[in-house]
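The values are calculated or read from the model by the stated rules, or taken from the named source; none is laboratory data. Remember, it's a predicted structure, so these values are computed and weren't measured experimentally. Please note: Cβ atoms are built from the backbone with ideal geometry, for glycine as well, and neighbour counts cover all protein chains shown.
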Amino acid sequence: MIRIRVILGGTSLLSRDRVEQVQEVFRQSFPELAGYAEKIPSLLRDPVAHGYRSVLLVAEGAVGRVDGFALLLHFAAEPCVFLDFIAVRPGLRSSGVGGALYEAAREFGVQAGANALYLEVQPDDAESTPDPKEPDEAKRRLRFYQRYGVRVVEGTDYDAPVGDPRT
């Protein structure tokens, strides 16, 4: 059984524990962006400063262990939700946790009145990315999302690099 917990502010003792575990999973899953993990508590606590409400969906396993998470950014004025990050604890792939988190993200969007759920996946062709490993990872991610009917928005310059992605 997978239990999904919604964390909005992250101030309770239980929420702080889950956020710390999410930060650990984040660093393991996105080592090149490890510094971003430190921003997660601030994102949850101060929506006004960021211009959107951050929501953390946490998949809990046995004894409160975080098995995965999805970080959502809810833009009420637009009305849409952006799936900023989704990750499963290393070693738990193909366990259903990622799918449960994605379904929970979609459900949150519907409940929040969003018209769309957006997400970012790097291009799956070698010409659009400097790292030779990224197209394979992107293909794997695209296959995952396509099972849920997600479509790629074509004909944009969204994959063009802007600034330093590690900041």
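Restrict the check to region 87-107 and report whether at least one residue is outside any helix (DSSP H, G or I), touching a Pro at 6+ places or on another chain (Cβ under 7 Å), buried (at least 16 other Cβ atoms within 10 Å of the Cβ) and not aliphatic (A, V, I, L, M). Checking region 87-107: not a single residue is outside any helix (DSSP H, G or I), touching a Pro at 6+ places or on another chain (Cβ under 7 Å), buried (at least 16 other Cβ atoms within 10 Å of the Cβ) and not aliphatic (A, V, I, L, M). The set of residues in region 49-79 that are within 19 Å of Glu103 (Cβ to Cβ) and in a loop (DSSP other than H, G, I, E, B) contains only Gly61.
Among the criteria (1) part of a helix (DSSP H, G or I); (2) in contact (Cβ under 8 Å) with a residue 60 or more places away in the chain, the one Ile4 does not fulfil is (1).
So, Glu20, is that one assigned to a helix (DSSP H, G or I), of a type outside the set (Gly, Ala, Ser) and within 24 Å of Arg141 (Cβ to Cβ) or not? No, not satisfied. When residues in region 21-41 are screened for being touching a strand residue (DSSP E or B) at 6+ places or on another chain (Cβ under 9 Å) and surrounded by fewer than 19 Cβ atoms within 10 Å (Cβ to Cβ), 6 of them pass. A residue that is at pLDDT 95 or above and in contact with a helix residue (DSSP H, G or I) (Cβ under 8 Å, 6 or more places away or on another chain) occurs nowhere in region 43-50.
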